[in-house]
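Worksheet for the structure shown next.
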Amino acid sequence: MKVAIIPARGGSKRIPRKNIKVFHGKPMIAYSIEAAIASGCFDKVIVSTDDAEIAAVAIAHGAEVPFLRPAEISDDYTTTMDVMAHAIHWCQSEGWDVEAVCCLYATAPFLLPEDLKQGYALLRDSEVQFAFSATSFPFPIQRAIKLDEFGSVSMFSPENEQVRSQDLEDAYHDAGQFYWGKTSAFITKLSIFSSHSKAVLLPRNRVQDIDTQEDWELAESLFSALKLVK
């Protein structure tokens, strides 16, 4: 079976109650749940949370919350892999034969069901352990600059200062939306960003990290703009 697991702890600091804060008319987590269900990829869509209110919202929008996450893996130092391994072990303890798992972040309002289908196709048809969402950097990372303690500028890669931008290799980053993986890869906490992974490339206008209030406001504006295009 294939299982979607959405980590959603209650103690978000920079945006309080971020996972269930209303975003364009519904709780943020609802977008991930609905995309997972609409994709038709999953036998189960589970939310892993330590918070009763988040659990109630998740259930109201169609997810299952068959357990509450223990406090020891719900603090600021808990990794996503810790949460995924715990949830997978719970599934296995129930006798479920889990062949593939997808971690969906609760703050992914731009996620489309088609993205999840594409990710599963990569995992199923390729000799890889993970398939995850990624997008391109809008500016050549080879031209990145840094500032010292006095505000003086230097380049990370001075050898690229005079290289034409079109001659520099494209670079990509994690889009922070979903991570398909083989069950064993999650349990052993294999590195995702390695040669045993493939990326589902998303357009930059559907990617926005949401960690600060500024991020939230940018995401709202971007979401509004995409609705106008439709």
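The values are calculated or read from the model by the stated rules, or taken from the named source; none is laboratory data. Just so we're clear, the structure is a prediction, and the values are computed from it rather than from any experiment. Positions of Cβ are backbone-derived with ideal geometry, glycine not excepted, and every protein chain shown enters the neighbour counts.
With the structure loaded, tell me whether Ser136 is polar (S, T, N, Q) and either closer than 30 Å to Val83 by Cβ or at pLDDT 95 or above (or both) or whether it fails that test.
Yes.
Within the range 157-183, can you find the residues that are within 28 Å of the chain's Cα centre (by Cα) and either in a helix (DSSP H, G or I) or over 30 Å from Ile5 (Cβ atoms) (or both)?
Answer for the range 157-183, where residues must be within 28 Å of the chain's Cα centre (by Cα) and either in a helix (DSSP H, G or I) or over 30 Å from Ile5 (Cβ atoms) (or both): Leu168, Glu169, Asp170, Thr183.
Filter the range 178-200 for residues that are of a type in the set (Phe, Trp, Tyr) and surrounded by 13 or more Cβ atoms within 10 Å (Cβ to Cβ) and give the result. Walk me through it before giving the result.
So in the range 178-200, the residues of a type in the set (Phe, Trp, Tyr) come out as 178-180, 186, 193.
If the condition is that a residue be of a type in the set (Phe, Trp, Tyr) and surrounded by 13 or more Cβ atoms within 10 Å (Cβ to Cβ), then Phe178, Tyr179, Trp180, Phe186 are the ones that fit.
Specify which of the listed residues (Arg14, Arg69) is in contact (Cβ under 8 Å) with a residue 12 or more places away in the chain, charged (D, E, K, R), touching a helix residue (DSSP H, G or I) at 6+ places or on another chain (Cβ under 9 Å) and surrounded by fewer than 13 Cβ atoms within 10 Å (Cβ to Cβ).
After applying the criteria, what remains is Arg14.
Take the range 38-95 and flag every residue that is more than 21 Å from Tyr179 (Cβ to Cβ) and among the polar types (S, T, N, Q).
Answer for the range 38-95, where residues must be more than 21 Å from Tyr179 (Cβ to Cβ) and among the polar types (S, T, N, Q): just Ser93.
Could you figure out which of (1) in a loop (DSSP other than H, G, I, E, B); (2) touching a residue at least 12 places away in the same chain (Cβ under 8 Å) isn't true of Val45?
(1)
Please work out which residue is surrounded by the most Cβ atoms within 10 Å (Cβ to Cβ), limiting yourself to the range 201-214 and to residues that are in a helix (DSSP H, G or I) and without any contact (Cβ under 8 Å) to a residue 60 or more places away in the chain. So that I can check it myself, show each step before the final result.
The initial filter retains those residues of the range 201-214 that are in a helix (DSSP H, G or I), namely 204-206, 213-214.
Within this subset, residues satisfying the condition of being without any contact (Cβ under 8 Å) to a residue 60 or more places away in the chain are 205, 214.
Working: Asn205: 12, Glu214: 9.
Looking at the filtered set, the residue picked out is Asn205.
Here are Asp215, Asp148: which of them is closer than 30 Å to Pro16 by Cβ and of a type in the set (D, E, K, R)?
Working: Asp148 fails: closer than 30 Å to Pro16 by Cβ.
Going through Asp215, Asp148 in turn, just one is closer than 30 Å to Pro16 by Cβ and of a type in the set (D, E, K, R): Asp215.
Conditions tested, residue by residue: (1) under 25 Å from Gln208 (Cβ atoms); (2) surrounded by 19 or more Cβ atoms within 10 Å (Cβ to Cβ).
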{"site": "Glu94", "(1), (2)": "no, no"}
{"site": "Glu99", "(1), (2)": "no, no"}
{"site": "Asp115", "(1), (2)": "yes, yes"}
{"site": "Asp125", "(1), (2)": "no, no"}
{"site": "Gln129", "(1), (2)": "no, yes"}
{"site": "Glu149", "(1), (2)": "no, no"}
{"site": "Arg164", "(1), (2)": "no, no"}
